[in-house]
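What follows is a single structure, written as structure tokens, with notes after it.
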Amino acid sequence: MNDNDLAARLRDAGTTALSDALDKLSIDGQILGVMPVIRTMKFAGRAFTIRMLPVGATGGSVGDYIDEVPEGQVVVIDNDGRLDATVWGDILTSVASTKGIAATVIDGVCRDSDRCVELGYPVFARGNTMRTGKDRVTADSYNVAVQIAGIRVEPGDWLVGDADGVVAIPSSKAFEVLATAEAIEATEQKIRDLVRGGMRLDEARQSLGYHSLQTPTSEAARLGI
């Protein structure tokens, strides 16, 4: 499966099924508190990471990295969850949209949110404000491990976002997480079908092992389920 096909299937799976799969596989990947500017935004792609630091006495800029981000990747900005200094605005949105970058995920805030809505470019952040990050934060390093809402993200890891938030999936686990998510969703669809056919919900859930779908395999075995 190439990256384009994998991205499409991850996007179709959605963050709720992927989150359940992460739980099943004991992988900590739910990025909490980072949400889309508008609910209809969704994406899947590999991470291009940027670590921001306070500007300090050495100075520096918020970065001119956007030209280096490959098409289809996700700009992932670690701004330490700051709500007082933006690191993404309309110019970056315009360039990213033109280049075919998949999305931007910020542990912090963005601004010029109308532009990403206008262009349909997915931006996920803790919120938005008008206050610039210029002379407040600086891009310290690129394509290094970063922390987004307490979740470690390595360059090349997969990120998926939709109306329910963002999940991060280690690159080496992407196929396993996807297969697990698709299996969970298939089981839940069978439950919905049984209920539509007249079965009680509790019976349908019991018959298909609903309550252990997200339980890690080792824990399920210990509990005898």
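The values are calculated or read from the model by the stated rules, or taken from the named source; none is laboratory data. Note that the coordinates shown come from a computational prediction; the quantities given were computed from them, not determined experimentally. Virtual Cβ from ideal backbone geometry, glycine too; neighbours counted across all protein chains shown.
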I need the full set of residues from the range 35-52 which are closer than 22 Å to ASP114 by Cα and surrounded by fewer than 23 Cβ atoms within 10 Å (Cβ to Cβ), in order please.
MET35, PRO36, VAL37, ILE38, ARG39, THR40, MET41, LYS42
Condition first: closer than 17 Å to VAL69 by Cβ and either without any contact (Cβ under 8 Å) to a residue 24 or more places away in the chain or buried (at least 19 other Cβ atoms within 10 Å of the Cβ) (or both). Now tell me which residues in the range 112-124 satisfy that.
CYS116, TYR121, PRO122, VAL123, PHE124
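Per-residue answers, yes or no, for (1) within 30 Å of ALA186 (Cα to Cα); (2) of a type in the set (S, T, N, Q):
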residue: THR15; (1), (2): yes, yes
residue: SER19; (1), (2): yes, yes
residue: LEU25; (1), (2): yes, no
residue: GLY29; (1), (2): yes, no
residue: GLY33; (1), (2): yes, no
residue: ALA44; (1), (2): yes, no
residue: MET52; (1), (2): no, no
Cβ-Cβ distance below 8 Å, separation of 6 or more or different chains: which pairs start in the range 59-85 with a residue that is closer than 17 Å to ARG46 by Cβ and assigned by TED's automatic domain parsing to the domain that holds THR132 and end on one that is surrounded by 14 or more Cβ atoms within 10 Å (Cβ to Cβ) and acidic (Asp, Glu)?
GLY72/ASP3; ILE77/ASP107; ASP78/ASP107
Could you list, in sequence order, the residues of the range 97-108 that are among the polar types (S, T, N, Q) and crowded, with 24+ Cβ neighbours inside 10 Å?
THR104
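Conditions (1) surrounded by fewer than 24 Cβ atoms within 10 Å (Cβ to Cβ); (2) closer than 25 Å to THR129 by Cα, marked per residue:
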| position | (1), (2) |
| --- | --- |
| ASP23 | yes, no |
| LEU32 | yes, yes |
| PRO54 | yes, yes |
| GLY60 | yes, yes |
| PRO70 | yes, no |
| LEU83 | yes, yes |
| ASP90 | yes, yes |
| VAL95 | yes, yes |
| CYS110 | no, yes |
Could you check the range 84-201 for strands (runs of 3 or more DSSP E) lying wholly inside it with 1 or more residues that are small (Gly, Ala, Ser)?
103-110, 123-125, 137-142, 158-162, 165-169
Quick check on ALA57: is it aliphatic (A, V, I, L, M) and either touching a Cys at 6+ places or on another chain (Cβ under 8 Å) or in a helix (DSSP H, G or I) (or both)?
no
On the given criteria, is ARG39 closer than 27 Å to ASN79 by Cβ, out of contact with any Leu (no Cβ under 9 Å at 6 or more places or on another chain) and in a loop (DSSP other than H, G, I, E, B)?
yes
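Being closer than 20 Å to ALA145 by Cβ and either aliphatic (A, V, I, L, M) or part of a loop (DSSP other than H, G, I, E, B) (or both) is the filter here, so list the residues in the range 63-83 that pass it. Show your work before the answer.
Of the range 63-83, the ones closer than 20 Å to ALA145 by Cβ are 63, 65, 68-70, 73-82.
GLY63, TYR65, VAL69, PRO70, GLN73, VAL74, VAL75, VAL76, ILE77, listed by residue number.
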Got a sec? Which of ARG136, ARG131, ARG115 is farther than 23 Å from ILE38 by Cβ and in the same structural domain as GLY89 (by TED's automatic domain parsing)?
ARG136
